[in-house]
Amino acid sequence: MRLRTPICELFSIDYPILLAGMGGAAGPELAAAVSNAGGLGVLGAAACTPSQLDEWIVRTRSLTDRPFGVDTLLPLSVPRSAQELAPARDRAWSSEQSATGGGAGLRDLVPAEVLEARDRFMDEVELPRRKRRPDGARSKRPSRERVEFVGDFFAAQLDVILDHGVPVYAAGLGVPPADFIEKGRQKGMKFLGVAGQSRHAEKLAAGGVDAIVAQGTDGGGHNSPIGTLALIPQVVDVAGDIPVLGAGGVTDGRGIAAALMLGAQGAWIGTRFLATPEADIPDYQKTELIAARDRDTIVSRSVTGKPARMLRAGWPELYERGELEALPMPLQSVVSTPVLASAQAHERSDVYRGICGQGVGLIDSLIPAGEVVQRLLAETVELLDGIETLDGVECDHSASA
Ligand SMILES: Cc1cc2nc3c(=O)[nH]c(=O)nc-3n(C[C@H](O)[C@H](O)[C@H](O)COP(=O)(O)O)c2cc1C
């Protein structure tokens with residue numbers, strides 16, 4: 001079977017099907033399976049510490065000799081470090097902590113009443129919570145190895161990516177820095193950026209990326225206010241010569257064919273690849289995905305502080321009802337992480353059912369990722385290989401009536 005567009009040449013892949021970077025879901029096994037099937041597997045490395053990311057890249061290379069990518073976040077709105085975010089009066093205290101090896105963490109910047117409200121919620125729903133150490137001691141992990149969505153953490157991830165000369169880098173939020181792109185190009189790297197609005201696409205184009213993902217509101221994860229059908233052609237128009245990938249609700253061959261019709265050169269697909277044995281999410285969430293319908297998702301700031309689409313459950317509904325107010329990124333992750341970790345460990349789908357897009361209602365089985373690629377390909381080719389497959393459509397350019 002053949003389905004090629006110019007981005008296949010750009011990324012040295014067989015088919016214009018990309019596994020979307022999905023934090024907490026797309027690890028080496030899933031990325032390698034998609035690459036081995038002829039698409040481009042992309043590691044969802046947003047929350048990987050530098051040493052974990054290093055391990056992931058090495059492991060991915062051991063599972064595939066084909067190109068793959070790494071996706072991280074580069075939000076402009078976050079500070080370089082927890083210290084920078086701390087109010088001036090706390091800075092002396094922060095540096096005292098640094099001197100003793102602990103370093104001020106983001107946790108110290110979250111109002112105590114928010115943490116108490118979170119703990120009350122956990123107790124009310126009987127979600128086990130990890131007790132704090134009685135001596136109040138903090139983690140001995142160096143700040144570089146702490147998962148905190150601050151500039152220094154993101155910069156340390158980029159260093160690892162550059163060291164490895166990873167074939168493709170994708171920025172899930174923000175624009176890759178110019179010096180990073182310049183050094184990466186010397187190693188043959190290619191660069192992608194995700195746009196949820198045409199204004200983001202303009203910034204990415206000016207920043208020198210090789211391709212732009214147009215991700216509409218239907219998609220799982222950080223969310224755009226614009227529908228996919230409206231967004232893709234508008235991003236195509238501002239992207240000029242830069243190829244665009246369609247994303248957000250693209251879940252089967254009909255979605256890929258539609259994205260191509262809208263001017264995209266391929267698709268960046270997340271949710272469909274969650275219901276695979278290779279996806280690194282708990283089994284209970286895979287079962288939930290198969291059962292879920294189109295209206296079962298909610299856009300909520302309850303996980304990272306930025307609006308993200310996920311399956312409805314107790315934690316995001318708490319915020320929907322206004323019982324808790326989300327803090328901005330990077331602080332909200334400090335609040336949510338213990339809830340999500342405990343819910344996942346105890347398979348509590350009433351509390352948290354995971355991140356996914358509105359296309360979830362199209363998923364009815366768990367199949368290997370390589371088979372997903374093959375199915376997507378076959379469905380797309382069947383639709384595009386001859387206009388007569390569009391049942392009921394009559395059109396003839398030369399006819400007058
Ligand atoms: C479980 C999950 C986690 C995600 N995590 C990230 C992430 O860490 N970084 C990112 O750029 N996008 C993330 N996304 C968004 C995807 O990259 C992609 O844009 C989206 O999944 C496309 O829409 P779809 O889910 O309808 O296919 C995530 C999506 C899902 C479903």
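Farthest towards the positive end of the charge dipole of the chain, among the residues A47, V70, G105, is the Cα of G105, using unit charges on the Cβ of Lys, Arg, Asp and Glu.
How far is helix 331-345 tilted off the main Cα axis of the chain, in degrees rounded to 10, range 0 to 90? Compared with the principal axis, the helix lies near 80 degrees.
Build a GNM of the chain with springs between Cα atoms under 10 Å apart, and of I232, I298, I17 the one that fluctuates most is I298. Kirkwood-type hydrodynamic radius, the chain: 21.9 Å, calculated from all non-identical alpha-carbon pairs. Karplus-derived 3J(HN,Hα) values for region 358-367, using 6.51 cos²θ - 1.76 cosθ + 1.60 with θ = phi - 60°, are 6, x, 3, x, 8, 9, 10, 7, 9, 9 Hz; glycine and proline are entered as x.
Using R₀ = 45 Å, calculate the FRET efficiency as 1/(1 + (r/R₀)^6) where r is the Cβ-Cβ separation of R375 and E116; round to 0.05. Spell out each step's value before the answer.
Values: r = 48 Å, r/R0 = 1.07.
It comes to 0.40.
Considering only Cα atoms, the convex hull volume of region 164-217 works out to 67 Å³ per residue.
Volume per residue for region 261-313 equals 139 cubic angstrom (convex hull of Cα atoms). Relative to the longest principal axis of the Cα atoms of the chain, the long axis of helix 198-207 lies at roughly 80 degrees. The ratio of the alpha-carbon radius of gyration of region 167-322 to the globular-protein estimate 2.2 N^0.38 Å is 1.10. Considering only beta bridges that DSSP places wholly inside region 203-315, some 50 percent are antiparallel.
For region 110-132 versus region 31-81, the spacing of their alpha-carbon centroids is 32 Å.
The string of couplings for region 149-157 from the Karplus curve (6.51, -1.76, 1.60, θ = phi - 60°) is 7, 10, x, 5, 5, 5, 5, 5, 5 Hz, one whole number per residue in order, with x for Gly and Pro.
Full extension from E84 to K187: what is 0.36 nm times the residue separation minus their Cα-Cα distance, to one decimal in nm?
Result for the pair: 33.8 nm of gain on full extension.
The label-point distance for R107 and A399, in a model that sets each label 7 Å from Cα toward Cβ, rounds to 7.0 nm.
Go ahead and set up a Gaussian network model of the chain, Cα springs under 10 Å, then flag whichever of G240, G253, G220 fluctuates most. Maximum among the listed residues: G240. Under the combined filter of DSSP loop state and at most 12 neighbouring Cβ atoms within 10 Å, region 1-79 retains these trypsin sites (Lys or Arg not before Pro): R2. If you take the Cα centroid of region 324-382 and the Cα centroid of region 171-213, the two points sit 25 Å apart.
Just G221, G263, G44 to compare: in a GNM of the chain, with alpha carbon springs under 10 Å, which one fluctuates most? In this elastic network of the chain, the residue with the biggest mean-square fluctuation among G221, G263, G44 is G263.
Compared with the alpha-carbon gap, the fully stretched path from Y284 to L384 is longer by 32.4 nm at 0.36 nm per residue. The three principal axes of the C-alpha atoms in region 299-400 carry coordinate ranges of 61, 36, 23 Å, sorted with the longest axis first. Proximity of backbone amide H atoms, modeled 1.01 Å from N, is registered between H222 and R309 at under 5 Å, excluding neighbours fewer than 5 places apart on the same chain.
The numbers here are math on the coordinates, done by the rules we state, and not lab data. Just so you know, these numbers come straight off a predicted model, no measurement behind them. Heads up, the Cβs are rebuilt from the backbone with ideal geometry, glycines too, and the neighbour counts pull from every protein chain shown.
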